[in-house]
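Let me begin by presenting the structure, written as structure tokens, before commenting on it.
The values are calculated or read from the model by the stated rules, or taken from the named source; none is laboratory data. Computed from a prediction, not measured in an experiment: that's the story for all the values here. Ideal geometry is used to build each Cβ from the backbone, glycine not excepted, and the neighbour counts take in all protein chains shown. Protein only, heavy atoms only, side chains kept; ligands, DNA and RNA dropped before computing areas. Shrake-Rupley method; radii C 1.70, N 1.55, O 1.52, S 1.80 Å.
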Amino acid sequence: MADALRWQLGTVTEIHQETPRAKTFTIALPLWTAHHAGQHYDIRLTAPDGYQAQRSYSIASEPERQGLVELTVERIDDGEVSPYLHDVVQPKDQIELRGPIGGYFVWDVGLGGPLLLVGGGSGVVPLMAMIRHRVAAGSSIQTRLLYSVRSPDDVLYPDELQMLQDHREGVDVIYTYTRQAPGGWTGYRRRIDRAMLKEITSQMEAGLRPYVCGPTLLVEAAANNLVELGIPADRIRTERFGPTGT
Amino acid sequence: MDEQDGDRNRELMLDGNAAGGMLYDVFSAEMTAAPTECASCGRRGEIGSLLAFTQAPGLVLRCPSCENAMVRIVRAGDVTYLDARGAVYLRIAR
């Protein structure tokens, strides 16, 4: 861990526009170490006058991919770091970062399941790392992702999630659209509530491991509802962040 | 602090997970999974589950149940001030 927390210069090898507001940066790391799904990296920018700004970004990729990490970053218009990453950084540029960081909001196949992933907006990023890790490790742990988004345009990784659904390998993806659903949509179209969580967890095996990540209000509502549904509070892992709504 | 500032602070609120890097700087240990206890209401939970206010010139970790300020860290150059009177204990595992 001592080495992991040294600042290092990573090289951006690829930038992928995920949605109008989110890009995934693939970054090659000279001091790469395998992360745990759910961990993040700190990115630090330094201005010519020495002013520094630092933010944490969740890892989207699985630890099985050696030597690089993928960070999906949502553009916060009045932010200090994400507009620079979105508008200025190009492939082959170098970025200062350190990680992987975190031991609380993490999951490895060794922890077992079944895995209940509840994500709002870009809160799906660390959950995607867990799903990708589960797939890469060849695990058959029952996994359900409840993904709350404003509209179809805001869905991160839509093709990959569709493929996981189609392959029927035990990864279910359930969407709820809070503002605008696709045409002909018959699924959920409201904020996550207790009735929704009850329906989703009722078809899952016992011993659930819930991971909830998203804006504060969503995280608190989902975590409280899961406790009321009888899931022990100390099994529920949460990660909350501020400025984006779902 | 007027109400608008309060809203803004809350909007920018993160949690103890996001403070993992800074906590590592101070304690030389992974701290987000470390258990702690609120000195005000007695809630027990991991550092990662605490509310984190990082936009101030420092870090404030608050209890998610009663919002008591459990840990305050301010860094100025090579000097770090740590005020953890709001926590009964912190566990540092190196």
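Amide H contacts of A:Arg189: A:Tyr177, each under 5 Å away and 5 or more positions distant or on a separate chain (H built 1.01 Å from N in the peptide plane; Pro and chain starts excluded).
Using C-alpha pairs below 8 Å separated by at least 6 residues, the relative contact order for chain B is 27 percent.
For the stretch A:41-51, backbone phi angles converted through the Karplus equation (6.51, -1.76, 1.60; θ = phi - 60°) give residue-by-residue couplings of 10, 8, 10, 10, 10, 10, 7, x, 8, x, 4 Hz, Gly and Pro being listed as x.
Unpaired cysteine residues in the protein assembly as shown (no second Cys Cβ under 4.7 Å): A:Cys213.
Phi-derived couplings, Karplus 6.51 cos²θ - 1.76 cosθ + 1.60 at θ = phi - 60°, listed residue by residue for the stretch A:222-239: 5, 5, 4, 5, 5, 5, 5, 7, x, 8, x, 4, 7, 8, 8, 9, 10, 9 Hz, with x used for Gly and Pro. Using a simple spin-label model with pseudo-atoms 7 Å out from Cα toward Cβ, B:Arg94 and A:Leu217 lie 4.4 nm apart.
Over the stretch A:7-82, what relative contact order in percent results from Cα pairs under 8 Å that are six or more residues apart? Walk me through the intermediate numbers first.
Working: 132 pairs, mean separation 23.2, N = 76.
Result for the stretch A:7-82 is 30 percent.
When the accessible areas of B alone and A alone are added and the area of the pair subtracted, with a 1.4 Å probe, the result is around 1600 Å², both sides summed.
Expressed as a whole percent, the accessible surface of chain B that belongs to carbon and sulfur atoms is 46, based on a 1.4 Å probe. Note on B:Arg85 and A:Leu68: the model spin-label points, each 7 Å out from Cα along the C-beta direction, lie 5.1 nm apart. Based on C-alpha pairs under 8 angstrom that are at least 6 apart in sequence, chain A has a relative contact order of 19 percent.
Once you have the alpha carbon radius of gyration of the stretch A:130-246, what is it after dividing by 2.2 N^0.38 Å, with N set to its residue count? Walk me through the intermediate numbers first.
Numbers: Rg = 14.2 Å, N = 117, 2.2 N^0.38 = 13.4 Å.
Cα-based Rg divided by the globular estimate yields 1.06.
As an exercise, use a Förster radius of 41 Å and the Cβ-Cβ distance of A:Ser202 and A:Leu9 to find the FRET efficiency, rounded to the nearest 0.05.
Details: r = 49 Å, r/R0 = 1.19.
Efficiency computed from Cβ-Cβ geometry: 0.25.
Our compactness index for the protein assembly as shown, the C-alpha radius of gyration over the empirical 2.2 N^0.38 Å, is 0.96.
Applying both filters, DSSP loop and at most 12 other Cβ atoms within 10 Å, to the chymotrypsin sites (Phe, Trp or Tyr not before Pro) of the stretch A:37-126 gives A:Tyr51. Per residue, the stretch A:135-246 exposes 50 Å² of solvent-accessible protein surface, assessed with a 1.4 angstrom probe and all protein chains in place.
For the stretch A:14-145, the alpha carbon positions stretch 50, 30, 25 Å along the principal axes, listed from largest to smallest. Counting residues in the stretch B:27-94 as N, plug N into 2.2 N^0.38 Å and put the Cα Rg over that result. Dividing the Cα Rg of the stretch B:27-94 by 2.2 N^0.38 Å gives 1.06.
For chain A, give the percent of accessible area contributed by carbon and sulfur heavy atoms, probe 1.4 Å, rounded to a whole number. Its accessible area is 48 percent carbon and sulfur atoms.
Near the amide H of A:Val212, within less than 5 Å, lie the amide hydrogens of A:Val118, A:Arg237, A:Thr238, A:Glu239, all on another chain or at least 5 residues away, with H placed in the peptide plane.
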